[in-house]
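Everything on this sheet refers to the single structure shown next.
The values are calculated or read from the model by the stated rules, or taken from the named source; none is laboratory data. Being a predicted model, the structure only gives us computed values, none of them experimental. Cβ: placed from backbone, ideal geometry, glycine included. Neighbour counts: every protein chain shown.
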Amino acid sequence: QKEVEQNSGPLSVPEGAIASLNCTYSDRGSQSFFWYRQYSGKSPELIMSIYSNGDKEDGRFTAQLNKASQYVSLLIRDSQPSDSATYLCAVAYTGANSKLTFGKGITLSVRP
Amino acid sequence: GAVVSQHPSWVICKSGTSVKIECRSLDFQATTMFWYRQFPKQSLMLMATSNEGSKATYEQGVEKDKFLINHASLTLSTLTVTSAHPEDSSFYICSARGASGRLRDTQYFGPGTRLTVL
């Protein structure tokens, strides 16, 4: 049974702070790692994808992957109230028939 | 790039009727499409996976005769909820994945269809 675990939330940070979202996964064969953002009543939107150990930066977002520890995280720098949403960690094999395994998500609230 | 659309965005129907939801990849060919359902305050639940030109693969517990999926082309998949009942009211979301490169490894989600069955 492949599992993806995310911190129980909600997480509240003040505007301008760094929000740190964490995720662990059980299947060592996982090869693709994703962070999706989902606003209330909307569908998920891809924020970051990461495939190799280390950091990957895109604007205010940094994804970190450590396959040895089976750990992937998302850092949001200079958090804005518009970042308030549920963040879903998802893990998959690479390949034609792979499916995403989602964590339950963590709700982030950025206080003005 | 990698835009997925869904139609309709919301639908209200009477109990016992059937509802068809369309999912289209607008700027890439989607060899695989996925259908999810999400109830309020809950996580996404994968219902089925469909590959173009073949029968859908349903997840355990999902009735294939109730949720008919057709992936007739590389840009279109449809989900038909047959004989809908109030308990089928939910947010239905499709996603699509392409054939090569990062499109093959990443699922791009449509905006979702909110179904309300009276």
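Against the list (1) closer than 17 Å to A:G41 by Cα; (2) assigned to a strand (DSSP E or B), the condition B:Q42 fails is (2). Scanning for something over 18 Å from B:C94 (Cα atoms), within 11 Å of chain B (Cβ to nearest Cβ) and under 12 Å from the mean Cα position of the chain (by Cα), does segment A:92-102 turn up at least one residue? The answer is no, given that none of the residues of segment A:92-102 is over 18 Å from B:C94 (Cα atoms), within 11 Å of chain B (Cβ to nearest Cβ) and under 12 Å from the mean Cα position of the chain (by Cα).
Determine whether segment B:6-14 contains at least one residue that is within 12 Å of another protein chain (Cβ to nearest Cβ), touching a residue at least 24 places away in the same chain (Cβ under 8 Å), within 14 Å of B:Y108 (Cα to Cα) and not charged (D, E, K, R).
Yes, segment B:6-14 contains a residue that is within 12 Å of another protein chain (Cβ to nearest Cβ), touching a residue at least 24 places away in the same chain (Cβ under 8 Å), within 14 Å of B:Y108 (Cα to Cα) and not charged (D, E, K, R).
Of the residues in segment B:38-50, not one is in contact with a Cys (Cβ under 7 Å, 6 or more places away or on another chain), modelled with pLDDT of 95 or more and buried (at least 16 other Cβ atoms within 10 Å of the Cβ).
The residues in segment A:51-60 that are within 11 Å of chain B (Cβ to nearest Cβ) and free of Cβ contacts under 8 Å to residues at least 40 places away in the same chain can be counted, and the count is 0.
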